[in-house]
Every structure is written in C-alpha cells, then in structure tokens.
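Working notes, beginning with the structure itself.
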Amino acid sequence: MLRRSLLPILLAAATAPGAGAQPAALPSLSACALPPDLIDPARLPRTRAALERGRLRILVGGSAEPTGTATALYHARLREALNALLPQVEVTVEARGRRGATAGEVWTLLEAGLASFRPHLVIWQTGTVEAARSLELGEFVDKLSEGITRCRIAGADIMLLEPQFSRFLRANADIERYRDAMRLVAAAEGIPLLRRFEWMRGWAEQGLDLERVGQADRPAALARLHECVAQAIAAQIHASTRP
C-alpha cells in the first residue's frame, strides 16, 4: 500500500502547472548540451531511411496523459528541436499514454498506434510506475523485450526513455533496479537508451532543478526542462542516424 500511495506524488512531479502558466524564455541548444558519454552509440536504421525520404513519424508513449499541458509542451519542443537539426524533414509526433500506466499498459496503447499511425520511430518512456509500485522485475524485462520485437516486426525503430531524475523517487523506491534492467535490455537489443535520469541530474547540478525551485518559478523551470529533454532526444536521434 505504501508503494502504491507514492505513485500520485511521483507522477505529479512530472506534470506542468495550469494551462495559464507562462514559460520563461527557452534556453539555447548549448544550455542543454550533453556530455558525449550520455549519447548512446546504437543506430536507428529505419529512422535514417525515413529521414532520407524527408518524412519522419514518431510515436511517444508513457505514463502521462497525452493531452496534458506538460506532455503537449514536450512534444511541441521535440518537433521544434528536430526541425532545427533536420530542416529538410517533415516531422510528426503523436502520443499515447495514461497517467499511472505500467509498461504493459503503455505497450497496449503503443501497439494500437503502430497499426494506425505507422511510425518510423517509437519512444517508450517507462520504469517510474514499476519502481513506485515495486512491480516484478522479470515481467518488466519481458514486456520490454516483447515490445521491441513487435516494433521491429512492424517496421519501426524504438528507443527506451528512462525515468526522470528525482531525489524523492530514489529515497522512496528502488529505481536503480529498473534503470539497470532498461540498460541491459537496450544493450542486448542494440537500441538507444535515452538516459533522461542522468541528463536531468546534470542539469540539476547546473541549476535547472525542479525539486528545489520555488513554486512561483516552477512554470518557467518546467518549460526549460522540457526544452532540454526535447533537444537531448533530438540530439540522440541525430547521432543515431548519421552516416
């Protein structure tokens, strides 16, 4: 019961304030730059082929409502970041998700999107709900492996997106077990792992720290964070599709 009661608190940390919140000026790409060791060397061959054709469809799934303010902002920033790096490519981003959904529940939504949206690339955010609820690790790994296989059969690349950095999460859940599992699955399957936990920890050390920002400054900090995450994902896509 304790683990389940933590879930709304953990998920609330990732949501935006009300729709009327005004974000601050967004940072430049250099403000969100990643160390080279946080860029995964794995390749995205289907995504590269789509870029060469000038059209890229990305399906994003996770444990958040796809129509929420924070999610919509993040997807808009991802499109903008990719357009800046790949101006000759038409980028479409579509979301599937549900607040508090497990990896298996998110996968059900993604699988429906594979048939209807026909993405070239799937970004699967997971791990937070499993850690918060202490769900069985083997089932988590099996679901990730199954989803990766089905994506490939459908003709799509896939990347795994780690949980966000959170001191509260680390103090109240064994998040490292699930992060380790995601690293092992990504390495075994030869797909990129988006290391959001490490990205956000580095940005927090530089002052972009949602857990320590005042309530009045939270909308601006959240907008900057979504910009940085979007640019980091765009940088990984670019690195994984270079000749």
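Data overview
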item: Pairs where the first residue, in segment 81-97, is without any contact (Cβ under 8 Å) to a residue 24 or more places away in the chain and the second is surrounded by 20 or more Cβ atoms within 10 Å (Cβ to Cβ), C-beta under 8 Å, 6+ apart; result: 83/91
item: Residues (closer than 22 Å to residue 43 by Cβ and not hydrophobic (A, V, I, L, M, F, W, C)) located in segment 185-220; result: 189, 190, 192, 195, 196, 198
item: Residue 177, sole failed condition from (1) of a type outside the set (A, V, I, L, M, F, W, C); (2) without any contact (Cβ under 8 Å) to a residue 60 or more places away in the chain; (3) surrounded by 23 or more Cβ atoms within 10 Å (Cβ to Cβ); result: (3)
item: Of all residues in segment 73-100 being touching a strand residue (DSSP E or B) at 6+ places or on another chain (Cβ under 8 Å) and part of a loop (DSSP other than H, G, I, E, B), the one that is modelled with the lowest pLDDT; result: 86
item: Conditions (1) touching a strand residue (DSSP E or B) at 6+ places or on another chain (Cβ under 7 Å); (2) in a helix (DSSP H, G or I); (3) not hydroxyl-bearing (Ser, Thr, Tyr); number of the one not met by residue 64; result: (2)
item: Criterion: under 30 Å from residue 176 (Cβ atoms), over 19 Å from the mean Cα position of the chain (by Cα) and in contact (Cβ under 8 Å) with a residue 12 or more places away in the chain - qualifying residue of 130, 139, 65, 111; result: 139
item: Any chance residue 116 is touching a residue at least 40 places away in the same chain (Cβ under 8 Å) and either surrounded by 15 or more Cβ atoms within 10 Å (Cβ to Cβ) or over 20 Å from residue 236 (Cβ atoms) (or both); result: no
item: Subset of segment 142-170 [among the acidic types (Asp, Glu) and in contact (Cβ under 8 Å) with a residue 60 or more places away in the chain]; result: 157
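The values are calculated or read from the model by the stated rules, or taken from the named source; none is laboratory data. Since the structure is predicted, the reported quantities are computational estimates derived from the model, not experimental observations. No Cβ is skipped: glycine too gets one built from the backbone with ideal geometry, and neighbour counts run over all protein chains shown.
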